[in-house]
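Undergrad: First, the structure itself, so that you have it in front of you.
The values are calculated or read from the model by the stated rules, or taken from the named source; none is laboratory data. All values reported here derive from a predicted model rather than from experimental measurement. For neighbour counting, all protein chains shown are included, and Cβ atoms are generated from backbone atoms with ideal geometry for every residue, glycine included.
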Amino acid sequence: MRIIMKTGLAGHGFAYRSGQEVDLDDATARRLIARGLAVPVREPPVERTVEPEPERTTTRSAGTRRRRGARG
């Protein structure tokens with residue numbers, strides 16, 4: 001879970017500055033948030049674009065032309 005530290009925090013093998021964005025396991029991140037030491041990062045909503053369907057044309061290939069006066 002991504003969090004932003006509200007205060008500096010250091011320990012054996014880690015040091016986080018105030019305002020630093022950190023990616024931690026969920027349990028640790030939730031514990032820091034519950035203690036008021038961090039806030040969760042709000043991910044921007046994902047915009048999904050819908051591509052328009054291509055225009056369909058009604059052209060025939062050169063080999064399928066009808067001759068004038070031909071039937072059927």
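Undergrad: Among the listed residues Arg35, Arg17, Arg31, which satisfies the condition of being of a type outside the set (Gly, Ala, Ser), at pLDDT 95 or above and in contact with a Gly (Cβ under 8 Å, 6 or more places away or on another chain)?
TA: Working: Arg35 fails: in contact with a Gly (Cβ under 8 Å, 6 or more places away or on another chain); Arg31 fails: in contact with a Gly (Cβ under 8 Å, 6 or more places away or on another chain).
Exactly one of Arg35, Arg17, Arg31 is of a type outside the set (Gly, Ala, Ser), at pLDDT 95 or above and in contact with a Gly (Cβ under 8 Å, 6 or more places away or on another chain), namely Arg17.
Undergrad: Still on this model: Show the residue pairs meeting these rules: Cβ distance below 6 Å; 6+ apart or different chains; first residue within the range 28-45 and surrounded by 15 or more Cβ atoms within 10 Å (Cβ to Cβ); second residue assigned to a loop (DSSP other than H, G, I, E, B).
TA: Filtered contacts from the range 28-45: Ala29/Met1; Leu37/Lys6; Leu37/Thr7; Ala38/Lys6.
Undergrad: Take the range 1-44 and flag every residue that is of a type in the set (D, E, K, R) and not in a loop (DSSP other than H, G, I, E, B).
TA: Applying the first criterion (of a type in the set (D, E, K, R)) to the range 1-44 yields 2, 6, 17, 21, 23, 25-26, 30-31, 35, 42-43.
Those that are of a type in the set (D, E, K, R) and not in a loop (DSSP other than H, G, I, E, B): Arg2, Glu21, Asp23, Asp26, Arg30, Arg31.
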